[in-house]
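Sharing a structure with you now.
Throughout, read-outs are computed from the coordinates displayed, never taken from laboratory work. This is a predicted model, so every value here is computed, not measured. Here the Cβ is made from the backbone with ideal geometry for all residues, glycine too, and neighbour counts use every protein chain on show.
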Amino acid sequence: MDDINKKSKEELMRDIKPTGAYLDNLAGFADLLGTIRQAENAAKELIDETSAFPKQLNTVHQSDKEQAKTEESINAPQTPDIQTEETPEKEKTLEELLETLDALVGLENIKQSVKSLINYVNIRKLREENELPNPPLSLHMVFTGNPGTGKTTVARILSELYRAIGVLSKGQLVEVDRSGLVAGFVGQTAIKTSEAVTNALGGILFIDEAYALAPDSGAGNDFGREAIETLLKLMEDHRDNLIVIVAGYSDPMERFITSNPGLESRFNRYFMFEDYNNEELYDIFDTMCIRSEYLLTDDAKEYAREHFRMIYDMREENFGNARHVRNFFENIVTVHSDRVSTLDGHTRDDLTMVILEDLEKAAEM
């Protein structure tokens, strides 16, 4: 019985033992499993061996950076370190600002008015320190005169002067016109005007051609009047840290100020910018030439003097003043460039010397 059972087991094992192609596939599968295990072990060893590699790499890079930095410091010129933030421009002193004002061509009445205003503000401060009363102060101003008479330039100097004596906290000048205050839809003008005032807080809001806010037509839906009302309220809200200067031609500015009682009460300081005379026009022109390193021949200088004398004598109501001088100078530069570009060689004298012919052609332009 046992023999039969033993035989049956042997036969059974023989019957189920894999043979042929099946056995070959099974062996191949075993080899594949071994290969996978070897790959896994190799990968694990590789990870273990290179786990410190990033640190070593960083150390190498850091060493290279330090070496480069050392070499750069040796080769670089000995200058102060440059800050990452832009260094603000140094604020000018009161004396420096007054020198800048005095250096302007002409405008003698404006210079004296500005200095008187500065004296007035300083004495008010001294009276306050001595517990003496002061009358109400309004520093809002009206600048009247033709274009190119230096209104914006004087306003910029004033903003810095008031900062220097402590009237304004920042001293910036924000320039706008009607388009910078008035919007095209209901409710937007107040927002636009408020934004302009916010940008000017601590400085001066300069409104050029302010009369455009109150046109002659008197249209009831003109948003310029909304801008005026908003401006007047904000001037009162920020009267200790905001100065407003309105500027434009004399007659239209008078109409503008009288168009609203609030404007009349707040703007009580008038600065009249007279036209430059012919000698002052030439001085402005000469300054432009010097700054750009252009030299005029003697006959060219004489022509320029005569040109400005004629321009001043023939000036019309809205004479351009310094704007005309600038245009004339730019035309001269253009004519000079055309002439010099035709020369075979270009010496330094060629690049700087302006001749009579240049001015004659520029005047025709």
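At a Förster radius of 41 Å, what calculated FRET efficiency corresponds to the Cβ-Cβ distance of His346 and Asp216, to the nearest 0.05?
0.15
Ok, one more. I'd like the FRET efficiency for Asn327 and Glu108, computed as 1/(1 + (r/R0)^6) with the beta carbon distance as r and R0 of 35 Å, rounded to 0.05.
0.90
Moving to a separate point now. Order of 311-323, 164-176 by packing, highest average Cβ count within 10 Å first?
Final packing ranking: 164-176, 311-323.
I'd like the distance between the alpha-carbon centres of region 232-295 and region 187-210, rounded to an integer number of Å.
Between the Cα centres of region 232-295 and region 187-210 lies a distance of 17 Å.
I need Met365, Met288 ordered by Cβ neighbour count within 10 Å, fewest first.
Met365, Met288
Rank-order 189-200, 336-347 by packing density, defined as the average count of other C-beta atoms within 10 Å over each peptide's residues, highest first.
Ranked from most to least packed, the peptides come out as 189-200, 336-347.
For labels at Glu229 and Ile290 in the simple 7 Å Cα→Cβ model, what's the distance in nm?
5.3
So if the hydrodynamic radius of region 94-273 is defined as the Kirkwood radius over C-alpha pairs, what does Stokes-Einstein give as its diffusion coefficient at 4 °C and 1.567 mPa s, in µm² per second?
The calculation lands on 77 µm²/s.
Here's something else I'd like to know. What residues have an amide H closer than 5 Å to that of Arg269, excluding those fewer than 5 places away on the same chain, when H is modeled at 1.01 Å from N in the peptide plane?
Sorted by chain and number, the residues that satisfy this are Val142.
Now a separate question. Between Gln188 and Glu129, what is the spin-label point distance in nm, taking each point 7 Å from the Cα along the Cα→C-beta axis?
5.0
Under a point spin-label approximation (7 Å from Cα along Cα-to-Cβ), what is the Ser337-Ile165 distance to one decimal in nm?
My value for the distance between the label points is 4.3 nm.
Sort out for me the Cα centre separation of region 106-127 from region 303-365, rounded to whole Å.
Region 106-127 and region 303-365 have Cα centres separated by 38 Å.
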